[in-house]
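Here's the structure, in structure tokens; my notes come after.
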Amino acid sequence: MIAHIKQKVKEGKLVKVDLEYDEVITGVKITGDFFMHPEETLEEIEKGLLGLKRDATDQTIAYRIREIMEVHDAQMVGLGPESLAKIIKEGLG
């Protein structure tokens, strides 16, 4: 299945997520008007979500995002891991 979600998050920025999935996430692309430092961490987050089960909770997704951010000493500006996780969970149904 494919899902395209576009949403303004509580932090005030517009975020777009394209998902491909069946029982697990097989593809993720995250874009929007938020900032990530260092920028390449966003690609690592996208890769890190692959294989995550479709029925994962938004808390599990947010935890995975935070783990990746910690490893890369990354910061999001205009978007938080919990907001991103809620958008992804919404796309998974």
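Bear in mind that the values in this text are calculations on the coordinates, not laboratory data. Source: prediction; values computed, not measured. Neighbour counts are summed over all protein chains in view; Cβ atoms, including those assigned to glycine, are modelled from backbone coordinates with ideal geometry.
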Exercise. Which angle from 0 to 90°, rounded to the nearest 10, does the C-alpha axis of helix 81-92 make with the longest principal axis of the chain?
Worked result: 20 degrees
For this session: Using the charge dipole of the chain (Lys, Arg: +1 at Cβ; Asp, Glu: -1 at Cβ; taken about the Cα centre), state which of 78, 28, 12 has its Cα farthest towards the positive end.
Result: 12
Exercise. Taking the Cα centre of segment 2-92 as origin and charging only Cβ (+1 Lys, Arg; -1 Asp, Glu), how large is the dipole, in debye to the nearest 20?
Worked result: 400 debye
Problem set entry | Where a label projected 7 Å from the Cα of residue 67 along Cα→Cβ would reach, residues of segment 20-36 with amide N under 15 Å | 25
Exercise. Out of [x] 12.2, 35; [y] 20.9, 69; [z] 11.8, 33, which label holds the value of Rg and Dmax of the Cα atoms in Å that was computed here?
Worked result: [z]
Exercise. At 222 nm, what helix-only mean residue ellipticity would the chain give, in deg cm²/dmol to the nearest 500, using -39500 (n - 2.57) for each DSSP H run of four or more?
Worked result: -11500 deg cm²/dmol
